[in-house]
Structures are given as C-alpha cells and as structure tokens.
C-alpha cells in the first residue's frame, strides 16, 4: 500500500469514525431524553388503554370489505353516538370518550377500512368518498334511531363525504355533528410550521416520497414493529400540544396505534387526504347542531381550517383549546367529553 493510499484510507477511517461517533452520541442523547421522560410521575400509568370492549360485530360493505364494529352503552338509549376515528388510528383512539360516556350513552365505534381490525383494501378503494359510503352502511346496520356523528381528523372528512353523498340523512336520522381536529380541504397547503420556501419543497417531494414508501411498505414495517425512541418523540411533539407534561403511557398508546397501521395504508390514503375538498358540502350540516373543536397548536389540521368550517356553518359552535395539538380527544378528554355532552343535550334526545 502506497503512502498516498494509506493516507486516503486513514482519512476515510477518520470520517467514518467521526460519523459513527456522532450517530452513537445522538442515539445516547435520544435514549437519555426518552429515559428521563419516562421517569417522570405518570398519572395514566395504570389506565387500561386498548382494553375496553363493546359488543363486537363485523359489517361486510356493499363492495365486500369486512369492517370491525363495536357497540357500547345501553341498547335502549334514545340516541346513538357514532364515533369515526382518524388517519392511521383506530377505534381505540376514542378511549376516554368510551370510558366516560358508555354508562349513559349508546355508542357505535368502528375501524375505518384498512385501519385497526378492519379489512385491508387497495389504493383504488382508499378514498374519502368510499369512507362516507361505509359510514352510511354502518348507520343503516347499527343505528336503529336518531344519531349524532363525531369524527376526528379523517373521521371528520368521512362525515363530510357522507353529507355530500347522502344529504337526506341530515336532520331526521342524523341530529347532530361533532367535527374534531379536521378540515374541509386544502391540506396540501399546510406549512407544518415550516418556512414558506421549505414547506413548498416538502409538498413538492412528498407525493413521490410517500408513494415510494408504500412500495417498500413491507420492508419498512419490519423495522417499525419494534417501536423506537424517535417515534415516541415525534408522536409526543406533533400529537400533543403540552408535550412536556403529557403522560408517557399515553404517548406510547398513541404511537402504538400509528405503528400498527401498515406503511402501505399510510401511502394509499395520503392522496385522498391531500385532495379532500368538501367545503361546498358543509351547508348540509347547517340544520343540525354542530360542534367544531381544534387544538390551538394543531400542526396537521390547524385552527384556520376549523375557522373556515365555522364560517361556512354560522350556527356551529367553535371551540379552540389552548396548548393542545392534533390528538385532542386523548390530550384533553375532559374538554372533548364536555362538548359532546353539550351536543347531546342540544339534540334533546338523551
């Protein structure tokens, strides 16, 4: 080996060594940070997340997809509340609402197609309009009388799709609506808290990147299932506005739902969310009591989107919750549950 070659090898080794040391240092710092978070007092440590169960059913939709549905609460209630979960979550995301309302309120919870325990579908069948059709079939099968619809994030979009496709249901069958941390459209314009130029670049490359992730979903999922400190920190930071004080157990619960959603499902529904535009259908909700809730620090469906919905629904009540982000029903369950109780009272059939 010549002197020049040895010098090159030495330089390369130094670079690799420095990079490895940097990665190791970052990993140790990350583990130290997460470890310190987990050592804090955790009032939710004994909360039975994922353990609440209702009467389980399977609904096979008109296009042959098996949906997992649970009915909870008293069967003889005059009113049913139908809970529609968000993107990359499942019906367990309504844990606190089920826990606190099930004694007096009849509830229908369901896993949207490709989520939770419902059947996976192709990208072509992963549309918001089809979710609206699914919701119509859930109502027809499991709601014998009048109902209130409540949707978080993509679940709110599902309700808007139903309003667009089945407007005749609102007013008689559907007596009230709760739209939580959701949007009527223009999600592709979100800045995500980034500078305008950076946000523009992110949105330009995102579709191709998401598509690539979907094609390699099986490989990616093999590394996701073990969980990671990075996923914990991202969920804590983006999902919860008061991230310094949020329960580590609650963050783990939210992250486990996201992690359980296959990467291909994330990729399949992404275009549907970015192309979602149902602002013109909101007038269908105007005759029924409507509550709109959003977290002040929600990066994914910012308050501006809820304000746009409220402007289109002048009779709706808008609640913006301070120091709260996208997973508002988990972060501020007391606020959300109080709003839902008020909505039920406004409907007048509790």
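Taken as a whole, the condition of being in contact (Cβ under 8 Å) with a residue 24 or more places away in the chain, surrounded by 18 or more Cβ atoms within 10 Å (Cβ to Cβ) and in a helix (DSSP H, G or I) does not apply to residue 176. The single residue among 274, 257, 309 that is over 16 Å from residue 179 (Cβ atoms) and surrounded by 22 or more Cβ atoms within 10 Å (Cβ to Cβ) turns out to be 257. For the stretch 179-192, the candidate set comprises residues that are out of contact with any strand residue (DSSP E or B) (no Cβ under 9 Å at 6 or more places or on another chain) and part of a loop (DSSP other than H, G, I, E, B); within that set, the residue that is modelled with the highest pLDDT is 183.
Considering the stretch 289-303, and only residues there that are surrounded by fewer than 21 Cβ atoms within 10 Å (Cβ to Cβ) and touching a strand residue (DSSP E or B) at 6+ places or on another chain (Cβ under 6 Å), the residue that is nearest to residue 237 (Cα to Cα) turns out to be 296. Considering only residues in the stretch 250-289 that are touching a residue at least 40 places away in the same chain (Cβ under 8 Å) and not in a helix (DSSP H, G or I), the one that is farthest from the chain's Cα centre (by Cα) turns out to be 287.
Of all residues in the stretch 233-249, those that are in contact with a helix residue (DSSP H, G or I) (Cβ under 6 Å, 6 or more places away or on another chain) and part of a helix (DSSP H, G or I) total 4. Given the criteria modelled with pLDDT under 95 and either touching a strand residue (DSSP E or B) at 6+ places or on another chain (Cβ under 7 Å) or within 26 Å of residue 271 (Cβ to Cβ) (or both), does residue 204 qualify? Yes.
Based on this model, can you work out whether residue 47 counts as farther than 27 Å from residue 236 by Cβ and modelled with pLDDT of 95 or more? It is false that residue 47 is farther than 27 Å from residue 236 by Cβ and modelled with pLDDT of 95 or more.
If you check 301, 319 for being in contact (Cβ under 8 Å) with a residue 60 or more places away in the chain and under 30 Å from residue 173 (Cα atoms), only one passes: 301.
Here the condition is being at pLDDT 90 or above, outside the structural domain of residue 317 (by TED's automatic domain parsing), out of contact with any strand residue (DSSP E or B) (no Cβ under 9 Å at 6 or more places or on another chain) and surrounded by fewer than 19 Cβ atoms within 10 Å (Cβ to Cβ); of 167, 248, 195, it holds for 248 alone. Every test in (1) outside any helix (DSSP H, G or I); (2) crowded, with 20+ Cβ neighbours inside 10 Å; (3) at negative phi; (4) touching a residue at least 40 places away in the same chain (Cβ under 8 Å) is passed by residue 114 save one, and that test is (3). Of all residues in the stretch 304-330, those that are in contact with a strand residue (DSSP E or B) (Cβ under 7 Å, 6 or more places away or on another chain) and closer than 27 Å to residue 99 by Cα total 12.
The values are calculated or read from the model by the stated rules, or taken from the named source; none is laboratory data. What you see is a predicted model; the values in this text were computed from it and never measured. Quick reminder, even Gly has a Cβ in these numbers, built from the backbone with ideal geometry, and neighbours come from all protein chains shown.
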